[in-house]
Amino acid sequence: MARVRKVLKVKKAGHGGTLDPLATGVLPIYLNEATKLVPFNLDGTKEYEATLKLGQETNTLDADGTVVAEVEGFSFTPEEIEETLKRFRGTIRQKPPLFSAIKKEGVPLYRKARSGEKPDLPEREAVILALELQNLSLPYVTLAVTCGRGTYIRSLAADIGRALKCGAHVTALRRLRSGRFLISQALSMEGFADLAKRGTIEERLLLLKDCVDLCVAIQVEEETARHVKEGRPVHFHDLPREHWGQLKKGQRVGLYQAPEDLLAIAEAQMDGGPGLSSEPRALRILRVFHH
C-alpha cells in the first residue's frame with residue numbers, strides 16, 4: 001500500500017483481503033474515502049485457479065516451503081480425483097496454515113512458525129461453493145475453486161493431498177474474483193504505475209457506488225443529506241415515500257445525493273412504513289462519505 005500511496009500521491013490506501021506471497025490476481029485497492037468500504041466487501045465470494053503438486057507436503061503448504069513428507073509411485077485417473085473432490089464441496093472444516101497472518105496471542109502465526117513454534121490451531125468452518133477439476137497432468141492437478149470468506153486454499157490443497165494418501169502443496173494460485181471485482185478489471189502493478197505516470201489512472205478507478213452491494217438505493221433531498229453528514233438520525237419522514245415499502249429490517253441501504261454520488265451506507269432498522277410511531281427511525285447510518 002505504501003507504493004500505491006506514493007505513486008498516486010494519496011493519503012490513504014487500503015486493500016480488500018490479503019493474497020498469499022505465491023498468489024497473483026485480484027486484490028481490490030481502496031483510496032481515500034473509499035477505504036471506508038473495505039469492511040463491507042470482505043465477505044464476498046472468491047474464485048481461484050489453483051495448481052497442486054501431488055506427492056509432496058511442505059511446511060508452508062505451498063512451493064515456498066520446505067518438503068516435509070514425500071510419496072512416490074502414485075497414479076490417479078480424473079475419475080478418482082473427482083471422487084475425492086466430492087468430499088470437499090459444501091461446508092467443511094479446515095485448519096489455517098501455520099505460516100499465515102492470523103494472530104495468536106497478538107503475534108502473527110508466521111512469526112511463531114519461523115521461530116520454531118507449532119501452536120495447536122483450532123479448525124475453522126469454510127464454505128466451498130464449487131470445486132472442479134480443470135486439468136490433470138501428474139504430479140500436477142489444476143482446480144477451479146469458488147469459496148466463501150476465510151477459506152485457505154493452501155489448507156484445502158493439503159487436505160485433498162491427505163485424502164488421496166500422497167500429500168500435496170500449492171505451486172500456483174490465482175484469484176479470479178473477489179466479491180464484485182473481476183480479473184478482467186485488474187491491473188498489474190507495472191500497468192498501474194504506467195497509467196499513473198501518464199495521468200490516465202482515473203479512467204480505471206471505480207465510483208464508490210460500483211464498489212459495494214446494496215439492497216436499496218435512495219436519493220435524498222439536500223436537507224436530509226445535510227442531516228446525514230451531521231450525524232443526525234434518519235426517520236421515515238426524511239425519505240421519499242415511494243421507498244418506505246422497500247425497506248426490510250437489516251437490509252443494507254445506499255443513500256445518494258445524486259445518482260452517481262454515494263453519500264452514505266445505512267442499515268434498515270425496521271420493515272417499511274412508519275407504523276404506529278409518528279417518527280420511527282428508519283435507518284442506522286454505518287458510513288458517511290465526504291466527497
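The values are calculated or read from the model by the stated rules, or taken from the named source; none is laboratory data. What you are looking at is a predicted structure, and each value in this text was computed from that prediction instead of being measured. When we count neighbours, we look across all protein chains shown, and the Cβ atoms used for this are built from the backbone with ideal geometry, even at glycine.
Considering ARG252, ARG241, which residue is among the basic types (Lys, Arg) and either within 17 Å of ASN41 (Cα to Cα) or in contact with a Lys or Arg (Cβ under 6 Å, 6 or more places away or on another chain) (or both)? Steps first, answer last, please.
Numbers: ARG241 fails: either within 17 Å of ASN41 (Cα to Cα) or in contact with a Lys or Arg (Cβ under 6 Å, 6 or more places away or on another chain) (or both).
Sole residue among the options that is among the basic types (Lys, Arg) and either within 17 Å of ASN41 (Cα to Cα) or in contact with a Lys or Arg (Cβ under 6 Å, 6 or more places away or on another chain) (or both): ARG252.
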(Q) Condition (residue is at pLDDT 85 or above and either farther than 16 Å from ASP20 by Cα or in a strand (DSSP E or B) (or both)) applied to the stretch 102-123: is it met by at least one residue? (A) yes
(Q) Cβ contacts < 9 Å: first residue in a strand (DSSP E or B), restricted to the stretch 39-53; second residue among the basic types (Lys, Arg) and surrounded by fewer than 18 Cβ atoms within 10 Å (Cβ to Cβ), any location; separation 6+ or different chain. Result? (A) LYS46/ARG149; TYR48/ARG174; GLU49/ARG174; ALA50/ARG174; THR51/ARG174
Q) Is it the case that the stretch 229-251 has a residue that's exposed (fewer than 11 other Cβ atoms within 10 Å of the Cβ) and at pLDDT below 85? A) yes
(Q) Could you list, ordered by first residue, the pairs with Cβ atoms under 9 Å in which the first is in the stretch 116-129 and loosely packed, with under 12 Cβ neighbours inside 10 Å and the second is in a strand (DSSP E or B) and at pLDDT 90 or above, at least 6 apart or interchain? (A) GLU123/ARG93; GLU123/GLN94; GLU125/THR91; GLU125/ILE92; GLU125/ARG93; GLU125/GLN94
Q: Test each condition in (1) within 14 Å of LYS46 (Cα to Cα); (2) in a strand (DSSP E or B) for GLY150 and report the one that comes out false.
A: (2)
Q. Among (1) in contact with an Asp or Glu (Cβ under 8 Å, 6 or more places away or on another chain); (2) of a type in the set (Val, Ile, Thr); (3) surrounded by 18 or more Cβ atoms within 10 Å (Cβ to Cβ); (4) not assigned by TED's automatic domain parsing to the domain that holds GLU260, where does THR142 come up short?
A. (3)
(Q) Condition first: surrounded by fewer than 18 Cβ atoms within 10 Å (Cβ to Cβ), of a type outside the set (Asp, Glu) and closer than 19 Å to GLY179 by Cβ. Now tell me which residues in the stretch 32-57 satisfy that. (A) VAL38, PRO39, LEU42, THR45
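Of all residues in the stretch 54-88, how many are assigned to a loop (DSSP other than H, G, I, E, B) and either touching a residue at least 40 places away in the same chain (Cβ under 8 Å) or among the β-branched types (Val, Ile, Thr) (or both)? It would help to see each step written out before you state the result.
The initial filter retains those residues of the stretch 54-88 that are assigned to a loop (DSSP other than H, G, I, E, B), namely 55, 59-61, 63-66, 71-77.
Imposing the further condition that a residue be either touching a residue at least 40 places away in the same chain (Cβ under 8 Å) or among the β-branched types (Val, Ile, Thr) (or both) reduces the set to 55, 59-61, 63-66, 71, 74-77.
Selection size over the stretch 54-88: 13.
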Q: For residues that are part of a helix (DSSP H, G or I) and within 22 Å of LEU176 (Cβ to Cβ), tally how many sit in the stretch 1-29.
A: 1
Q: Report, by residue number, each residue of the stretch 225-239 that is more than 20 Å from GLU33 (Cα to Cα) and either of a type in the set (Asp, Glu) or touching a strand residue (DSSP E or B) at 6+ places or on another chain (Cβ under 7 Å) (or both).
A: PRO233, VAL234, HIS235, PHE236, ASP238, LEU239
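Do the conditions hold for THR91, that is, is it part of a strand (DSSP E or B), modelled with pLDDT of 95 or more and over 20 Å from LEU22 (Cβ atoms)?
Values: part of a strand (DSSP E or B): yes; modelled with pLDDT of 95 or more: yes; over 20 Å from LEU22 (Cβ atoms): yes.
Taking the combined requirement at face value, the residue satisfies it.
If you check LEU156 against the conditions, is it modelled with pLDDT of 95 or more and crowded, with 20+ Cβ neighbours inside 10 Å?
On the way: modelled with pLDDT of 95 or more: yes; crowded, with 20+ Cβ neighbours inside 10 Å: yes.
So LEU156 passes the test.
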Q | Which numbered condition SER184 fails, given (1) part of a helix (DSSP H, G or I); (2) crowded, with 20+ Cβ neighbours inside 10 Å | A | (2)
(Q) Looking at (1) modelled with pLDDT of 90 or more; (2) loosely packed, with under 12 Cβ neighbours inside 10 Å; (3) within 29 Å of GLY179 (Cβ to Cβ), which one does VAL220 not meet, given that it meets all the others? (A) (2)
(Q) Between THR60, THR77, which is exposed (fewer than 13 other Cβ atoms within 10 Å of the Cβ), modelled with pLDDT of 90 or more and farther than 30 Å from ASP213 by Cα? (A) THR77
